Amino acid sequence: MSEVKRKKSISRRAFVAAAGGAALASGISGFPSIVRAQRGPVRVGILHPVTGPLAFSGNQARAGAMMAIETINEIGGIRSMGGAKLEPVLGDAQSKPDVGAAEVERMNEAGVSAIVGPFASGIALATTQAAAKHNIAHIVDVGVVDQVVTRGLANTFRFGPGLSKIVDTAIENLVAINDGAGKPARTVMIVHEESAFGTGMAKVLNEKLPGRGFQIIETISHANPTRDFNNIVLKIRAQRPDIVIPSNYYDEFVLFSRTMAQQKVRPKAIYAILGGAASSQRFVKEFPDAAQYIMDCNHWYDPRNPVAQELKKKVEAKGLYFTYELFLNHECVRLLAEALERAGTGDRAAVIQALASSGFANHFMPYGPTRFVNGQNQGAAPVNTQVQNREIQLIFPKEFASAKPVFPMPAA
Amino acid sequence: MRRQLLAIVAFLAAMALVPHLVGSEFWRNWVMMALFYALLGQAWNILGGYGGQFSFGHAAFFGTGAYCSAILHVHYGVNPWIALPAAGMAAGLVGAFIGFLSFRYGLRGSYFALVTLAFAEVLRILANTVPITGKGVGLLIPLDPGAANMQFADRTGYFYLILAFVGLALLLTLWLEHSRFGARLVAVRENEDAARALGVDVFRTKLAAITLSGALAGLGGSYYAQLFLYLDPGIAYGPAISVEALLVPIVGGMGTLFGPLLGSFALHGVSELAKLAFGEAAGLDLALYGVLLVLMVMFMPNGLFGMGRTTLARLLGGGRDA
C-alpha cells in the first residue's frame, strides 16, 4: 500500500484504540481535521433479515455493521471527505427476497452510497439486482451461493468466500484430517437444510466426496424450520456412518446436535460445513456437551489479530455473541469505509470503482488483501474450527491454527 | 355494470399516470407491489369470495405459474411472453386437478382449506426434490434486460404489466358478477343444496371457479419470476403467498369487485405506516401491523368495501342499511 493510501485508510492501531476508548481514539484519528472541514454524512444501507426465520442471524449481522459504523465515526469518520460520518439507513428484509428488493428502493430514495447485507443468498440475488438498477454498490456479507457474483452485476462485491470455494476447502481439509489420523473414516451421511445453500452444498459433496475415498451412505434434507430431528438421528444411528456432515441454519443445527447427544449417537466426527451453530459461542456456551469436538468449515476471523480480539471483548461486553454474521458485517463496513476513503466521495459510481480496485489489507479475516474479480474477493476462504473444551479453536489452515484437530472423536 | 366499468376505467387511467406523477421510485414500487398482491387477492376472491370455497393454498397456483414460466425460459429457451399464457394454463390445470379431487369427493369448508394447504406443501416438497426446478438451490433466470425478454430496464415496464393484469382480473370479475356463471357461483356459495335443487351443476361450477382462480394466480407467479428473476421452493410454494392472497380480499371485502384492490392498498399502507412509526426497531412494525389487522377484521367483518358501502348508504339514505 502506498504512503498516501496508508495515511488515508483507517489504521489497525486506530481501530484498536477506538475499541479501547473514544478519548484515545480521537487523538489517533486526527480529530483537528474533523473540526476543520467536516462534511455531511455518507449514508450507508444496512440491510438484513432482522425479522422472520432468519432473525437471529440478521440481528447479529446488523449489530456487527452498527458497531463498525460507531467505531469509524468515533475515530473521525471518512477523513478524505473532511471527517464525514457514516449514517446507517437500516432495512429489514423480513427474510423475504421481495421485501429485501423493496428495501433497496427505500434506501435508494434515502440517498445511500452503498448497501451492506443481506445475509441470505436468496435475498442477495434480489437485492443486488435491485441495487444494480440504481448503480448502488452492494457489498454482500454472507450470501454464499455462487450465482450472487456470476451474473455480471458490476455493483456487487462479496467479501467472504462463495459456496464452491467453501465446499472445496472443506473437502481438502477433511481429507487432510482423515489422512493425518490414518484414514479411519470411510462412510459419510449428509444432513442439510433444503434451501439454496444447503442443497447446493450437498450437491457438490455428492459429486466430489466419492472421488476422495468417501462413500456417501445417504443425503437427508430437512425443511426450515424443523423442530424434531429424532427420525433423522435414528436413521443415522441405524446407518452408523463414520462422519456426519450437517449444513443448516442456527436453530436447526442446535436441535440436530442436541438430538445427536441425547440419543448418544457418536460418529467418528461431526464435520459441519457452514454449520449454523458449529462455530457459535452461544451454542458452545449453552450446550457445551453437544458442541464438544464438533468440527466446522465456516467463516472465521484470524484469532491472532488484535482488532478481532478487541472487538470480541466489546461484543461480549454488550451481551452479544461473536458470530460470523457479526464479524463479517463489521469487516464489510470497514471495507466500504476504506473504499470511501480512497474515493473521497459518496458518489455511487466512484464507490463502485473504489471497491473494484480495493486492496484492503487491514481487516481481521484470514484472507489477505482484498482483490475483487467479477465481484468476488479472490483471497476469501473459510477455515476449520473445532469445539474443544468449551472453546472454539481454529484447526485449519495451519498458519492460523490455535489447536490441533481431535479426530476421531473420543468415546464419551 | 356501466358504472362499475367506468370505475374500472377510471382506476386504470389514474394508475397509468402513477409512473409519470409519482417521482419517488420507492412509492412507485410500493404501488406496483400493492397491485401485484391485489391480483393474487382477486384470484383468491373468485374462488373464496364469490364461490365460498376458502383456499389456504393459493401458493400452489402461484408457484406453478412461476415455475412453469421460469422452466420454459431457462431450460427450453421459450420467450417469457410466450411462457406467460402457458404459466396461466398450467396453474389453471393444477387448480382443476385439485378442484376435481376435492369437489368430486364433496370436500367443503375447513376440509377443502386443509386440502389446498396440503397440495401447496406437497408441491413445495416436490419442487425441492425434482431436478427441473433446481431443487432447493432454486432457479435463476438469466439477466438479459429488454422488453422482448420481459425484463424491463426500469420498473415502469413492470408497473404497466401488472396494471394490465389487474385490469384483466377486474374485467373478468365484472363479467363474473353479471354472468350466469357468476350467479351460479354465488348460489353455490350461499347454499349448495339449494343451488343443486335449482339445477345448478355444483361440481362443474366450483371446478370452473378454481380453474379460473388458479390461472389468474399463475399469471401473478409468472410476473413475480420475471420481476425478481429467482425462484426457490419456499418462495414459490411457501405459505406467505397463500396468506397474502387470502388476507387481501378478507380485509378489502370478499365477493366484491374492488375489495381485493382496497384490501391490498390498505394492508400495504398499514404496513408502511407501521414501518414509519417504528422504523428501525426490528419487528415492532410487524407487531403493530398484526394488531391493526386484528382490529380491521374485528370491526369490519364485511371488509373495507362493505364498510364504505354501508357508510355511504347511511349517509345517502338517512340511516338505512345497504
Selection of trypsin sites (Lys or Arg not before Pro), region B:20-125, meeting DSSP coil and at most 14 other Cβ within 10 Å: B:ARG108
Computed FRET value (nearest 0.05) for A:ARG186 with A:ARG304, which takes r as the C-beta separation and R₀ as 30 Å: 0.30
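Would you mind giving the mean number of other chain beta-carbons within 10 Å of the Cβ of each residue in A:122-130, as a whole number?
On the way: counts 8, 1, 1, 7, 5, 0, 0, 5, 3.
Mean inter-chain Cβ contacts per residue within 10 Å come to 3.
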Gyration tensor (alpha-carbon) shape descriptor, region B:179-322, a/c threshold 1.5: oblate
Taking A:ASP296, B:ASP193, B:ASP201 and counting other C-beta atoms within 10 Å, the order from fewest to most: B:ASP193, B:ASP201, A:ASP296
Set A:LYS404/B:LYS135; A:LYS264/A:LYS313; B:LYS135/B:LYS275; A:LYS183/A:LYS235; A:LYS165/A:LYS398 screened for pairs whose C-alpha atoms are more than 28 Å apart: A:LYS404/B:LYS135; A:LYS264/A:LYS313; B:LYS135/B:LYS275
10 Å Cβ neighbours from other chains, averaged over peptide B:136-144: 6
Equivalent-ellipsoid semi-axes of region A:70-212, from the Cα gyration tensor, Å, largest first: 37, 19, 12
GNM flexibility winner over chain B from B:SER102, B:SER264, B:SER222 (Cα, springs under 10 Å): B:SER102
Helix A:324-343 vs. chain A, principal-axis angle (Cα, 0 to 90°, nearest 10): 30 degrees
Residue-averaged beta-carbon neighbours from other chains (10 angstrom radius) around A:95-101: 4
Mean projected area in nm² (Cα convex hull; one quarter of hull surface) for chain B: 17.9 nm²
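Evaluated at 20 °C with a viscosity of 1.002 mPa s, what Stokes-Einstein diffusion coefficient in µm²/s does the protein assembly as shown have when Rh comes from the Kirkwood expression over alpha-carbon pairs?
Translational diffusion coefficient: 78 µm²/s.
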For region A:90-150 and region B:102-126, distance of Cα centres in Å: 35 Å
GNM flexibility winner over chain B from B:LEU123, B:LEU168, B:LEU93 (Cα, springs under 10 Å): B:LEU168
Shape of region A:308-407, Cα gyration tensor, a/c cut at 1.5: oblate
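Determine the percent antiparallel among the DSSP beta bridges restricted to the protein assembly as shown, to the nearest 5. It would help to have the intermediate numbers written out before the result.
On the way: 15 of 50 bridges.
Beta bridges within the protein assembly as shown, antiparallel portion: roughly 30 percent.
I need the peptides A:371-379, B:305-313, B:229-237 ranked by packing, meaning the mean over residues of other C-beta atoms within 10 angstrom, with the highest value on top.
For the peptides A:371-379, B:305-313, B:229-237, the packing ranking is B:229-237, A:371-379, B:305-313.
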Helix axis angle, A:230-239 relative to chain A longest principal axis, alpha carbon, degrees: 50 degrees
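Read-outs throughout are calculated quantities, based only on the coordinates presented, and are distinct from any laboratory measurement. For clarity, every value in this text was computed on a predicted model and none was experimentally measured. Every residue, glycine among them, receives a Cβ derived from its backbone with ideal geometry; neighbour counts consider all protein chains shown.
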